[in-house]
Amino acid sequence: QRIRLSPEEKHLADMFVYICFCSGKEWATDDVLFYTTLEGLRCSKVFRLDLTSSGGRITSIYEETRPDVFVEVALSGDRQILSINCNSRTSSEVMLINTTVSSLELFLVQPRQPDLLYHVEHWRKWLIILASTGPGQEYQVVQAPLSDPSMKTWVSLFSPGPGTVVKDMDVIGDHCVLVARTPTCELVLIVVPLTHPKEAYTIQLPSWACAIETKKPGLTKPRHMLELLISSPVHPPVPFCLHPEDRLLLSGTKDGSFPENQGSYTTTRLEAYSQDGTLVPVTLFHIGPVEGLRQAPLLVHVYGAYGRDLNMEFCPEKRLLLEQGWALAYCHIRGGGERGLSWQRQARVEGKQKGVEDLQACLQHLFSSGVSSPSLTALTACSAGAVPVGALCNRHAHMMQAVALQAPFLDVLGTMEDPSLPLTLEDREEWGDPVGNPKHRLTITSYCPLHNIIPQRYPSMLLTAYSGDARVPLSGVLKYTEQLKKAIQKHFTVNPKAGVYTHSHTCAQLNHSLIVSMYDGFV
Ligand SMILES: *[C@@H]1O[C@H](CO)[C@@H](O)[C@H](O)[C@H]1NC(C)=O
């Protein structure tokens, strides 16, 4: 993700010099690199590095002043246009530079307006725009003339059917290729012929497909196909090649076969009814029939924040668990992006509770479908994914045996009360403002993992955190550990006959900035 070769692969060495301070970067030609710098946690400046002059010449291109806006650079598929994407969590503004001329003039596509998100590609004399202007404020594909691309000229080319949501867009020759998700969270490709958009068609992917990475083309090859890597947490990336002209999706391995064992893992898609009747998708990986999983240990993954999909990329240790008889569940709860932009909107700020209800519903549905049982179940999450897990531990500690959290966000109230922390201001769109808004405060206090700890038997926990982590302040993790220890001690003082061995342990390797906290509540 961090390395970009120049198109002719001429500037490999230069890149290693510049990689120290570049975060996002794109090579416009073999000698011109556009990049953003990362300061603290924010990308707000865009620069152009020209390697034709000796030693290289750096020009500042753009500087964003709004504190809640992150800046990224991206080249269009044909490399003719560089877009500078200035996105807050809920709105976008895109500026373009014509990379085929030396002038560095920026032109604005559409001024920012609330809840309008959009991404831009280039096709002939047009812009192809993925914009949140479709039915239900979901993404659709629109077309605008390059000469006047503002919103009033946007013409809709394609909206996916109800329940299907667009996740990504590429333009290949005269075709627009969309990565989309069906209601059960399955990935498909939708090809929209730009000359005949009504003839859009869907291409099915292997049933296990959970993550797609598309490859950027070099300068030399004309772009008539799209190279993809398809993977799942237990399937290593397999290359595929889409030829939109011929409606063909080819496996890119030499003999067209899948790597060994790919076939023996089963991917089952389930849906759980949440408290308000919403169907929440769950992806389950297992070996053998679902009916045989009652005695199987279960590892449950969850995230559900910032409109981001749960990470489903290949993870070798997950595959090892599967081979040792575990079942792996991925719960696509609200707050994430799996079911579209509304999936996030429903569970942000005052809707945050819905994510917790969704997680509870997913666990109940798994157990009632004959998959594992609470005493064999562990939950895992990182960062903001720790919020629904921590909330569920407080409310229904009996639903799981163990919890493993990485860099967990556990003190929502304390963090959001402190505007001096690096992400508090832009995070108000996600969690709300407990200082200025009493309703937000009430909602946060109702689910915040740290503020709802009660004396009871908690699952065993492993928390891993970094003292240098600017996103998730360590103090919250340490406070949580302390309070949890106290609550558990209190519980077993009041119920001395509970017969439970408890042990808690914090190990700090400050030199390596690694803090691990464990609480072991096994009987
Ligand atoms: C870039 O500028 C050149 C020269 O003015 C023009 O021919 C070309 O159409 C422009 N390309 C885009 C994508 O605007």
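Could you say which residue among 183, 149 is part of a loop (DSSP other than H, G, I, E, B), within 16 Å of the ligand (Cβ to nearest atom) and of a type outside the set (Ser, Thr, Tyr)?
149
Give the residues of segment 110-132 that are away from the ligand (no atom under 12 Å from the Cβ), on the phi < 0 side of the Ramachandran plot and assigned to a loop (DSSP other than H, G, I, E, B), sorted by residue number.
Selection gives 110, 111, 112, 113, 114, 116, 117, 132.
Check 68, 78 and return the single one that is farther than 27 Å from residue 342 by Cβ and in contact (Cβ under 8 Å) with a residue 12 or more places away in the chain.
Exactly one residue qualifies, and that residue is 78.
Taking the criterion of being at pLDDT below 95 and charged (D, E, K, R), would at least one residue in segment 459-472 satisfy it?
Yes, the conditions are met somewhere in segment 459-472.
Please give the number of the condition residue 135 fails out of (1) of a type outside the set (Asp, Glu); (2) within 10 Å of the ligand (Cβ to nearest atom); (3) out of contact with any strand residue (DSSP E or B) (no Cβ under 9 Å at 6 or more places or on another chain).
(2)
With respect to the numbered conditions (1) modelled with pLDDT of 95 or more; (2) crowded, with 19+ Cβ neighbours inside 10 Å, which one is the sole condition not fulfilled by residue 348?
(1)
Please indicate, with yes or no, whether at least one residue in segment 90-111 is in contact with an Asp or Glu (Cβ under 7 Å, 6 or more places away or on another chain) and among the charged types (D, E, K, R).
The answer is no; no qualifying residue exists.
Output the number of the condition that residue 105 fails; it satisfies all remaining conditions of (1) away from the ligand (no atom under 16 Å from the Cβ); (2) farther than 18 Å from residue 154 by Cα; (3) not in a strand (DSSP E or B).
So the condition that residue 105 fails would be (1).
Residue-by-condition table, conditions (1) within 16 Å of the ligand (Cβ to nearest atom); (2) closer than 27 Å to residue 170 by Cα:
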| site | (1), (2) |
| --- | --- |
| 33 | no, yes |
| 40 | no, no |
| 45 | no, yes |
| 55 | no, no |
| 60 | no, no |
| 72 | no, yes |
| 76 | yes, yes |
| 81 | yes, yes |
| 92 | no, yes |
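Surrounded by fewer than 21 Cβ atoms within 10 Å (Cβ to Cβ), within 30 Å of residue 425 (Cα to Cα) and among the hydroxyl-bearing types (Ser, Thr, Tyr): does that describe residue 147?
Answer is no for this residue.
If we scan segment 328-349, do we find a residue that is more than 19 Å from the chain's Cα centre (by Cα) and not in a strand (DSSP E or B)?
No, that holds for no residue.
The values are calculated or read from the model by the stated rules, or taken from the named source; none is laboratory data. All figures in this text were calculated on a predicted structure; none of them were measured in a lab. Neighbour counts are summed over all protein chains in view; Cβ atoms, including those assigned to glycine, are modelled from backbone coordinates with ideal geometry.
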